[in-house]
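Scroll down for the structure; my scribbles are underneath it.
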Amino acid sequence: DAIPSADQIRITTSLKSQRGSVWTKNKSIFEFWEIEVTFRVTGRGRIGADGLAIWFTEEQGLEGPVFGAADQWNGIGIFFDSFDNDGKKNNPGVILVGNNGKLLYDHQNDGSTQALASCQRDFRNKPYPVRAKITYYQKTLTVFINNGFTPDKEDYEFCAKVEDMILPSQGYFGISAATGGLADDHDVLSFLTFQLTEPGKEVPAPDAEIPQKDKEKYQEEFEHFQQELDKKKEEFQKEHPDVQGQPGKLIEQFFTDDLFETVSDRELRQIFEGQNRIHLEIKQLNRQLDMILDEQRRYVSAVTEEFTRRGAGVSDQQGQISQQEIDQLVKTQEELIRQVNEMRNSVSETLSLVSVPQHPGSAAGVYETTQHFNDIKEHLHVVKRDIEHLVQRNMPSNEKPKCPELPPFPSCLSTTHFFIFVAVQTVLFIGYIMYR
């Protein structure tokens with residue numbers, strides 16, 4: 001059921017029980033390789049089916065029950081599964097399944113019993129095409145995904161990795177898709193194959209170009225297919241004059257209305273998905289603040305014990321620390337703890353505000369959230385200033401101040417990037433509300 005065109009191939013259309021696939025005509029002889037696939041999976045339903053698969057197999061799997069390709073393959077299949085067969089709510093997801101030519105794919109469990117590795121990624125209805133980079137090098141298969149939220153073609157994130165993976169020395173590359181009771185459009189925009197070589201080894205000479213006779217043959221086949229497709233379109237329009245120019249009516253007969261989502265519903269869903277990400281980041285910040293508070297309490301206790309010990313051991317002639325100075329230090333440290341507690345409470349209030357869905361017509365919640373972030377930043381500066389002041393004041397001049405070692409912060413998101421992201425999200429949300 002695949003439909004080729006000049007700029008893409010529609011592996012399956014959004015109709016029930018469709019199967020389609022595209023395979024290379026010749027076997028790849030690369031020992032190590034990398035492929036980059038650009039595709040779109042789009043549909044009007046809130047959920048889609050069945051999904052898309054990228055293959056490297058010893059033989060071509062032209063048609064079959066596994067995402068449109070044959071079962072019992074010998075090689076590897078990377079499945080972009082959009083339908084949750086096992087009901088575990090872990091779809092859409094990416095699943096890597098190997099086969100030696102003897103196993104039957106476990107559809108009912110979404111291949112979880114046979115998966116070598118997997119990751120959960122939503123690849124349906126994205127603003128930009130989704131990209132997958134699959135690398136096989138020295139018996140290690142690695143999958144990276146560009147989730148389609150940005151136009152940056154190199155914005156990949158790690159998905160899955162399989163080590164000690166032995167694949168056929170020669171095989172066919174392919175891509176297939178299938179639909180069931182639910183359906184999506186599965187479009188492939190590009191499929192690029194690269195040969196990888198070890199450092200220091202000579203790069204093999206490239207293969208000769210396709211002979212002119214074969215080029216003419218392929219072009220003739222393509223033109224013949226286009227003519228057949230045009231004839232089928234004309235026949236369909238004659239048989240269904242009532243749906244001309246309204247392809248949406250064809251799809252409506254296969255779905256119920258409660259499975260659809262309008263354009264505005266989809267936009268709101270994407271906005272709330274972004275808010276959920278902010279919610280998770282604030283949770284992470286709250287946990288980090290708890291760790292800072294625990295470290296500060298231990299630091300206060302250690303400093304108090306140290307000054308008490310020094311005060312008892314040093315004679316009056318050496319400038320013994322008075323009880324009044326110790327009391328002043330303890331009060332200052334208590335004030336510092338109070339400020340950290342206020343900072344923690346501020347983050348908790350911000351977390352509760354983000355957790356409650358804001359009404360689309362009001363921007364007050366967004367403003368309050370931004371104000372809380374500003375308060376958090378101010379508290380952090382106060383804490384830093386107070387700690388530096390206390391250490392410089394109470395440490396002897398011949399000793400260097402020693403600060404407690406804080407636990408390492410995750411490197412995935414810096415504070416600056418987090419605040420920039422929140423500001424951009426706020427501006428976009430307010431702009432969307434005004435536009436609506």
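The values are calculated or read from the model by the stated rules, or taken from the named source; none is laboratory data. The shown structure was predicted, so the numbers you read here are calculated from the model rather than taken from an experiment. Note that we place each Cβ from the backbone using ideal geometry, even for glycine, and neighbour counts take in every protein chain shown. In case anyone asks, the SASA skips ligands and DNA or RNA and just uses the protein heavy atoms, side chains included. Shrake-Rupley method; radii C 1.70, N 1.55, O 1.52, S 1.80 Å.
If I stretch the segment between Glu378 and Arg436 completely, what's the gain in nm (0.36 nm per residue apart, minus their alpha carbon distance), one decimal?
17.4 nm
Tyr172: net charge of surrounding residues, Cβ under 13 Å, Lys/Arg +1, Asp/Glu -1, itself excluded?
0
When the solvent-accessible surface of protein heavy atoms is calculated with a 1.4 angstrom probe, in what order do Met291, Met434, Met343 fall, highest first?
Largest accessible area first, the residues go Met434, Met291, Met343.
Over all pairs of distinct alpha carbons, what does the Kirkwood formula give as the hydrodynamic radius of the range 47-98, in Å?
11.4
Can you work out the Karplus-derived ³J(HN,Hα) for every residue in the range 173-188? Use 6.51 cos²θ - 1.76 cosθ + 1.60 with θ = phi - 60°, whole Hz, and x for glycine or proline.
Rounded to whole hertz, the list is 8, x, 9, 9, 7, 8, 10, x, x, 9, 8, 9, 7, 10, 10, 10.
Using a cut-off of under 12 Å, list every residue of the range 1-30 whose amide N is near the label point 7 Å from the Cα of Phe222 along the Cα-to-beta-carbon line.
Answer for this model: 4-9.
Between Gln138 and Lys213, what's the calculated FRET efficiency when r is the beta-carbon distance and R0 is 45 Å? Round to 0.05.
Given R0 = 45 Å and the Cβ-Cβ separation, E is 0.70.
Taking amide H positions as placed 1.01 Å from N in the peptide plane, with prolines and chain starts having none, which residues 5 or more places from Ser190, or on another chain, fall under 5 Å of its amide H?
Residues meeting the amide H criterion: Thr38.
Report the far tail of the P(r) of the range 3-198, meaning the percent of Cα-Cα pairs longer than 29 Å.
Tail fraction, whole percent: 14.
Please give the solvent-accessible surface of Asp187 in Å², to the nearest 10, using a probe radius of 1.4 Å with every protein chain present.
Probe radius 1.4 Å; accessible area of Asp187 about 10 Å².
Provide the gained length on full extension for the span Ile29 to Lys102, in nm with one decimal, where the gain is 0.36 nm per separating residue minus the Cα-Cα distance.
Difference between extended and current length: 23.9 nm.
Tell me the carbon and sulfur percent of the accessible area for the range 1-157, rounded to whole percent, probe radius 1.4 Å.
C and S fraction of accessible area: 47 percent.
Would you pull out the residues with amide H under 5 Å of Leu196's amide H, same chain only if 5 or more places away, H placed 1.01 Å from N?
Phe32, Trp33, Glu34
Of Lys27/Lys201; Lys102/Lys161; Lys16/Lys231; Lys133/Lys201; Lys102/Lys217, which pairs sit farther than 26 Å apart, going by alpha carbon to alpha carbon?
Among Lys27/Lys201; Lys102/Lys161; Lys16/Lys231; Lys133/Lys201; Lys102/Lys217, the Cα-Cα distance tops 26 Å for Lys102/Lys217.
Whose amide H sits under 5 Å from the amide H of Leu116, counting only residues 5 or more places off or on another chain, with H placed in the peptide plane?
It is Leu96, Val97, Gly98, by chain and number.
Tell me, in nm to one decimal, what length is gained between Glu335 and Leu280 on full extension, where the rule is 0.36 nm per residue of separation less the Cα-Cα distance?
Full extension of this stretch gives 16.8 nm more.
Once the other residues with Cβ under 12 Å from the Cβ of Gln138 are scored (Lys, Arg +1; Asp, Glu -1), what is the net sum?
-3
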